[in-house]
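Okay, handing you the structure first.
The values are calculated or read from the model by the stated rules, or taken from the named source; none is laboratory data. Since we're looking at a predicted model, the values are computed, not measured. A quick note on method: Cβ atoms are made from the backbone with ideal geometry, for glycine too, and the neighbour counts reach across all protein chains shown.
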Amino acid sequence: MNRRSALIGWFAACAVGGVALAAEPVLPESPEWTSLTAMHADYLDAFVHSDGFGMRRVSPMMRLMQSGELRLDSQRLRVEDVQMIGIAKHDPPVVHQGGMLKFQHGEQGPELLPGVAQRSLNTQEVDAVRRLQAGGRIVSIPAPGAASAIGSIRATADCLRCHQSKKEGDLLGAFVYTLRPVMQQAL
């Protein structure tokens with residue numbers, strides 16, 4: 001049985017078994033952002049408002065990564081990778097390595113795939129987290145040949161169902177975006 005058939009079978013089994021599949025958030029088909037703030041807002045919306053666990057939560061973010069483009073001044077950028085800084089359940093904070101496919105977040109709380117590598121924050125990430133804790137929303141970090149941005153994940157009323165020790169507006173984590181220039185195709 002191929003993967004597509006297996007997925008169709010799984011969805012059919014859920015429907016027959018009475019398991020409700022919640023709708024994913026409505027996101028732009030091919031977003032073209034003009035600011036890091038707008039890009040981060042769409043990623044946050046995809047993450048926070050996607051129901052379910054694992055791939056159900058991450059899939060909307062993957063679609064943004066595959067189709068979205070950031071235009072800053074005359075430069076066109078794409079998100080190459082998204083990693084998560086865990087703050088709410090980690091002291092000190094850690095970076096969940098391996099990109100967005102390596103972390104899950106569901107209604108029962110954060111659950112990591114087996115074998116997910118974690119690392120300590122580097123100096124720039126520590127500084128960015130301090131700036132986010134002071135109320136910042138997104139911090140840009142220039143790098144040779146690429147750029148990074150770190151955007152806050154703050155507690156909303158929905159988040160407090162699982163993060164009960166927190167209050168609205170608390171910094172739960174952050175996304176680390178790796179951005180690369182879009183290569184122009186020759187005609």
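Checking GLU80 against (1) part of a strand (DSSP E or B); (2) at pLDDT 70 or above; (3) crowded, with 20+ Cβ neighbours inside 10 Å; (4) not small (Gly, Ala, Ser), which single condition isn't satisfied?
Of everything listed in (1) part of a strand (DSSP E or B); (2) at pLDDT 70 or above; (3) crowded, with 20+ Cβ neighbours inside 10 Å; (4) not small (Gly, Ala, Ser), GLU80 misses just condition (3).
Any idea how many residues of region 92-133 are at pLDDT 55 or above, among the polar types (S, T, N, Q) and closer than 24 Å to ARG161 by Cα?
1
Hey, could you check region 32-58 for residues that are among the charged types (D, E, K, R) and at pLDDT below 70 and say which is surrounded by the most Cβ atoms within 10 Å (Cβ to Cβ)?
Taking region 32-58 as the starting set, the residues that turn out to be among the charged types (D, E, K, R) are 32, 42, 45, 51, 56-57.
Going one step further and asking which of them are at pLDDT below 70, we end up with 51, 56-57.
Numbers: ASP51: 14, ARG56: 15, ARG57: 22.
Here the answer is ARG57.
May I pose another question? Filter region 148-167 down to the residues that are under 17 Å from the mean Cα position of the chain (by Cα), surrounded by 14 or more Cβ atoms within 10 Å (Cβ to Cβ) and more than 17 Å from ILE85 (Cβ to Cβ) and list them by number.
THR156
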